[in-house]
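See structure below.
No value in this document is a laboratory result; all are computed from the given coordinates. Given the structure is predicted, the values throughout are model-derived calculations rather than measurements. As a convention, Cβ positions derive from the backbone with ideal geometry for all residues, glycine included, and neighbour counts pool all protein chains shown.
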Amino acid sequence: MATRGLKQEWLARLILALLLVAAIATPLAVQWIQTHDSARNTNATTIELRARMAENGGWSSDAISATVGQTLHLRLTSDDVIHSFAVGQTDWPVLDIKPGEVVTTDLVFDRPGRYTFFCTRWCGANHWRMRGVIEVTDPKSDTTRVPTAEPPLFQKLGFDIDAMPVLDPQAKRSLGKLTSLPSAERGAALHVELPAELRQRDWLRTHTPAEAFSLLRNNDAYGDLLDAQIWDVVAFAWRNATSDATIARGAQLFTRDCVACHGEQGRGDGPAGRDLPGLQKMMPDAKRGPADFTNLRRLAGLSDAHLQGKLLRGGMGTGMPEFGSLYTADEQWALIAFVRGFAMYDTNR
Amino acid sequence: MTNSQFSNLKYQLSNRRLQVTALAVLVGVVVLFVPIPLTRRLTASWGLAAPQERHLRIEASRYQYTPSVISVNPGDKVTIDLTTTDVVHGLYVDDYGVSTTADPGQTSRLTFVADKAGTFALRCFAPCGPLHPFMVGKLNVGPNWLLWRAMGVAGIAAFAGFWMIRK
Amino acid sequence: MMRQETARQETRRYELTQVPWLKRLLVSRWPLFLARAVTLAGFVLTIVAGLIGSPVGSHNFAIIFVWIAWWTFLKLIALPFGGRAWCSICPIPMMGEWIQQGALVEPGGKGLGLGRQWPKRLRNVWLPTLGFGVIGLFSAVTLTQPRVTGWVLLGFILLAAVLSLVFERRAFCRHVCPIGGFIGLYSRIAPVEVRVRDRAVCASHTDKTCVIGNEHGYGCPWQASPVSLTQNTNCGLCMECLRSCSRDNIAVNVRPFGADLARRAGRSLDQAYFGFMMLGSVVIYSAVMLGAWGNLKTAAYNVGTPGWFVYSAVLLAFTLGVLPGLFLLAVWAGRALAGSKASLKKAFIAQSHAIIPLGLMAWVAFTISFSFAKFSYVWSVLSDPFGWGWNLFGTAQLPWTPYLSTITPPLQVLALLGGLVWTSIWVRRIAQEELPEKSATRQSLPVMLFCLVFTIGMLWLLVG
């Protein structure tokens, strides 16, 4: 080959080599720069968390360790559909994770414990399985024991949340004769004075609406009220014990985490709930699927503590996930206050 | 046949071909482009109703809308309740540019006035899985005039072809 | 022969190579080499993105640039206006060709390769035809899964390289590549060609450097002897013959659309069948990908399920059986109407080439709605090719928005109707090759009916 031709040839080879190397090395280089750039803080660890539907593997890592005060720099991305990232029992805002896009956030924990992170955008039948744990330890403390949470109300009271509620015959009869669901608004309009118990939150939380009904019915002061009106007063009592803001928070949580199975009207007819066994798992002749919160005949026999127990523990093969690790106590009561409304407040319906 | 007769015939033939082609093109253009007035009387006589309010439910799943084709009349006020059975889906209406997203269990409402006539695609824009780019539905506002006109022109082209050939 | 000569002279042509700077540009190796180097680097980037990038198709360079950007460019610009122009810069055979030739630019290097002759039985486009069908079976998965696209492209480039090491010249491009198969078929209508200027000059000398090569240029890598090249099907527009011709007798011409359809040489049954594979595929793809039927899409996607087997059977039967069968029926009916005694097979093959414009326009119409709606992903993917959260050019967060949705249906109508009219003209012209005018038009009627039904079907699928 002529010299000029040889020079040209080597120039061409050089150009080709440069372009090919660029094509392969550039992505890797940029990625390295980006991940190391964003974690300048020496105290920070970068963790890449890939969100996938449970069928595709769930979270790429479902156990993360951290220490108190350490910055966790999370790079979140999704490999299939829209997910989100939320950390239970904290105030961290929920981050939407869109497929193919990366969202970053820095988490710092100031208290040791086991924090559950979870997805809040319904991503398929196994969405509720998308959970992981961030275990935060305090390097300064001697004990490796993670502080235990306070036992829930139903455990303190010692009743079995799996037992079917038994209603007082009087209450049961009256429920059978109701032509429409009670309304707290109607109850408020009756302008009756509530007895002491029905003004105490602790009493309301630990007793069933049926018990409240009996309390009122057997009290002569309310003798001239019809059964239906007594139920309206019971509904009012529950509504009175909570606030608009609490119910709104409960509505938010219900829409985010419950509606897919329990349905928008709380009837247990949500698209994701149709194939769940529900109570049928434990009692063959029970209704299949998630609970119908508009069924007062059942709800009247359940106290708030009972509902809280179901919410916290879930499981038992019914298809109900446990929310104990996800919700703070305030969130739990807010949700229950809202859920009561399906059977008892007009505004819910 | 003498030479002059032959050339005369050839001239006539080519002239006729030209005539038929020109006629076909003219009719084709008319069919394709003339605006068809959609006055109330006209549409009523063709069986189309006056604008009304419509409330439709569309259920999105992977990877179609049910119903996949919705038909309304021009001028209708359309309200679509979008629900989804499995994951988050979206609904975007081509040309109108209106859209909404629905999470499973939550109904999302989209309202718009169908003032543009024609056929428009409904597209999912919330990534819902691998086949998401192909998740598509159809909105018919009024009859699909473009389709009928196109078929008309195709028929005319074919007919013109046959006519030219017929001798 | 004489008739062909005069026919060729009658078609208006403008020679591009008579313009000095154009000729220098075409003969120079650097523009072509740089373009090839860039496409090869892009190809490698595509494979890397497909294999290690985000599994989400809309945020992966591989999916967006191959199936939307490049496909649109190919179908709407490169193919209709340049014929096999893409093949001249296609990266897939480059690695193999460079190893085979032993040099990147000027000839003279020591190449590697066995240089075997391609098997005689496969010197046609049957392999590409079947290859395109097989691609169709897996198209739903390939178009949506970056990993699959990555592996398929890697497989292609390795296959091309291996074939270059075993066989002579561009065996892969001519006899294996499914894309090359339909590009070659449709390039007959392209307005660009490479042809000999004066046949007499070729007849006057025996050292055909355009075929065997010399120090200025390689012998035609496509084994399409420029001396007798009368149509575009196998010419890859690589300009080697321009460089190697010792008599400066090769020209690049611009000519009207559809010129090669009149050429009888090169019409064969395999080419005809590829035409039907393309015609049938566009119908099936329009129904599965652009239609509103979700069950068709899931059947096409879930490889291995009973639904997928049904889809595969339908696709293969339709493209290789039903459509050619119906066309055969139309040709037979036409012959019966015209009272022709000519061979049915020859008439079938000849008429099958008349529907090339129909197929091309149908693919143009399909590509218009397929790509315009998704083209906006190109900008975000340029800034974040791997879906790793980059923002190289600031466009990563640009939201998806469909382009030109108002004008898309009318454009598709124009393309489909244009294809119908164009093909109808050629059906009659080709019939006139064997028959007098009146009989020829009678022969054309059933075939035109076939084209009309096809057009109406495509109109309903795309615009309906």
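Evaluate the charge dipole of region C:173-298 about its Cα centre and quote only its size in Debye, nearest 20, assuming +1 on the Cβ of each Lys and Arg and -1 on the Cβ of each Asp and Glu.
Magnitude of the dipole: close to 280 debye.
Can you sort C:95, C:278 by how many other beta carbons sit within 10 Å, fewest first?
If I rank by nearby Cβ atoms, fewest first, I get C:95, C:278.
Hey, got the dipole for the protein assembly as shown? About the Cα centre, +1 on K and R Cβ, -1 on D and E Cβ, debye to the nearest 20?
5580 debye
Could you point to the residue in A:28, A:328, A:179 farthest towards the positive end of chain A's charge dipole, with +1 and -1 charges on the Cβ of Lys/Arg and Asp/Glu respectively?
A:28
Using just the C-alpha positions of chain A as equal point scatterers, what log10 of I(q)/I(0) does the Debye formula give at each q in 0.09 1/Å?
One equal scatterer on each Cα of chain A leads to -0.62.
Can you give the net charge of the other residues whose Cβ lies under 14 Å from the Cβ of residue A:245, counting K and R as +1 and D and E as -1?
-1
Roughly speaking, what % of Cα-Cα pairs in region B:49-142 are separated by over 15 Å, rounded to a whole number?
More than 15 Å apart: 54 percent of the Cα pairs in region B:49-142.
Run through every distinct alpha carbon pair of region A:44-137 and return the Kirkwood hydrodynamic radius in angstroms, one decimal place.
In region A:44-137 this quantity evaluates to 13.1 Å.
Which of rounded, prolate, oblate describes chain C, given a ≥ b ≥ c as roots of the alpha-carbon gyration tensor eigenvalues and a/c under 1.5 marking rounded, otherwise prolate only if a/b is larger than b/c?
It is oblate, given that a/c is not under 1.5 and a/b is not larger than b/c.
How do the peptides A:260-269, B:21-30, B:108-117 rank, highest first, by the average count of neighbouring beta carbon atoms within 10 Å per residue?
So the peptides A:260-269, B:21-30, B:108-117, ranked by packing, come out A:260-269, B:108-117, B:21-30.
Tell me the net charge near residue C:16. Cut-off is 15 Å between Cβ atoms, residue C:16 excluded, with +1 for each Lys or Arg and -1 for each Asp or Glu.
For residues surrounding residue C:16, the net value is +4.
For C:278-290, what's the mean count of beta carbons from other chains sitting within 10 Å of each residue's beta carbon?
Across the residues of C:278-290, the mean count of other-chain Cβ atoms within 10 Å is 1.
Any lysines with Cα under 20 Å of the residue A:172 Cα? List them, leaving off those in the same chain fewer than 8 positions away.
A:287
Pairs to check: B:116/C:297; A:7/C:23; B:77/B:116; B:116/B:138; A:281/A:310; C:23/C:110. Give those whose C-alpha atoms are more than 18 Å from each other in this structure.
Checking Cα-Cα distances, B:116/C:297; A:7/C:23; C:23/C:110 exceed 18 Å.
Per DSSP H run of n ≥ 4, the term is -39500 (n - 2.57); total these for the protein assembly as shown, divide by its residue number, and report the mean residue ellipticity at 222 nm rounded to 500 deg cm²/dmol.
Working: 38 runs with 454 residues, N = 980.
Here the helix-only value at 222 nm equals -14500 deg cm²/dmol.
Partner chain Cβ atoms within 10 Å, averaged over the residues of B:147-153 - can you pull that number for me?
What the average comes to for B:147-153 is 6.
Please list A:230-242, C:298-310 highest first by mean number of surrounding beta-carbon atoms within 10 Å per residue.
On the way: A:230-242: 23.9, C:298-310: 16.2.
Going by the mean number of other Cβ atoms within 10 Å, highest first, we get A:230-242, C:298-310.
Leaving out same-chain residues fewer than 8 places away, which lysines sit with a Cα under 26 Å from that of residue C:120?
Those lysines meeting the cut-off are C:208, C:345, C:346.
Excluding same-chain residues fewer than 8 positions from residue C:341, which aspartates and glutamates have a Cα within less than 20 Å of its Cα?
C:433, C:434, C:437
With a sphere of radius 14 Å drawn around the Cβ of residue C:285, what net charge do the other residues whose Cβ falls strictly inside it have (Lys, Arg +1; Asp, Glu -1)?
On the way: positive: C:75, C:297; negative: none.
For residues surrounding residue C:285, the net value is +2.
Hey, if you put +1 on the Cβ of every Lys and Arg and -1 on every Asp and Glu Cβ in chain C, which of C:33, C:194, C:136 ends up farthest toward the positive end of that dipole?
C:194
Order these by the 10 Å Cβ neighbour count, fewest first: C:441, A:104.
Working: C:441 24, A:104 16.
If I rank by nearby Cβ atoms, fewest first, I get A:104, C:441.
Per Stokes-Einstein, at 20 °C and 1.002 mPa s, what whole-number D in µm² s⁻¹ belongs to region A:126-226, with the Kirkwood radius over Cα pairs as the hydrodynamic radius? Before the final figure, lay out the partial values.
Details: Rh = 18.4 Å.
It diffuses with D of about 117 µm²/s by this estimate.
For residue A:81, which sequence-distant residues (separation of 5 or more, or a different chain) have an amide H within less than 5 Å of its own amide H, given hydrogens modelled in the peptide plane?
A:53
Which helices of chain C meet both criteria: a Cα extent of 18 Å or more along the helical axis and a mean Kyte-Doolittle score no lower than 0.5, with helices taken as whole DSSP H segments?
C:29-52, C:146-166, C:269-290, C:323-338, C:356-372, C:408-431, C:437-462
How many percent of all Cα-Cα pairs in the protein assembly as shown sit more than 55 Å apart?
The calculated P(r) of the protein assembly as shown puts 32 percent of pairs beyond 55 Å.
Could you compute how fast region A:153-344 diffuses translationally, taking Rh as the Kirkwood radius over C-alpha pairs and applying Stokes-Einstein at 10 °C with viscosity 1.306 mPa s? Give it in µm² per second.
Once the numbers are plugged in, D ends up at 93 µm²/s.
Arrange the peptides A:85-96, C:344-355, C:319-330 so that the one whose residues have, on average, the most other Cβ atoms within 10 Å appears first.
Put in order of decreasing packing, that is C:344-355, C:319-330, A:85-96.
If you plug each phi of region C:390-401 into the Karplus form 6.51 cos²θ - 1.76 cosθ + 1.60 with θ = phi - 60°, what whole-Hz ³J(HN,Hα) values come out, in order, with x for Gly and Pro?
After applying 6.51 cos²θ - 1.76 cosθ + 1.60, I find 6, 8, 4, 10, x, 9, 5, 9, 4, x, 5, 8 Hz.
Among A:45, A:102, A:56, whose Cα lies farthest out toward the positive end of the dipole of region A:44-137, if unit charges sit on the beta carbon of Lys, Arg (+1) and Asp, Glu (-1)?
Of the options given, the answer is A:56.
Quote the charge dipole size of region A:153-344 about the Cα centre in Debye, to the nearest 20; the model charges only the Cβ of Lys and Arg (+1) and of Asp and Glu (-1).
My answer is approximately 360 debye.
Within 10 Å of each Cβ of C:29-38, how many other protein chain Cβ atoms are there on average?
If you average over the peptide's residues, the count of other-chain Cβ atoms is 3.
With helices defined as uninterrupted DSSP H runs, which ones in chain A have an alpha carbon span along their own long axis of at least 30 Å and mean Kyte-Doolittle hydropathy of at least -0.5?
Numbers: long enough: A:3-37 (47 Å, 0.67).
Answer set is A:3-37.
Would you order A:73, A:36 from fewest to most other beta-carbon atoms within 10 Å of each residue's own beta-carbon? List each step's numbers first, then the result.
On the way: A:73 19, A:36 10.
Sorted ascending by nearby Cβ count, the order is A:36, A:73.
Loop-only chymotrypsin sites (Phe, Trp or Tyr not before Pro) in region C:234-275, please: DSSP not H, G, I, E or B, and at most 16 other Cβ atoms within 10 Å.
C:257
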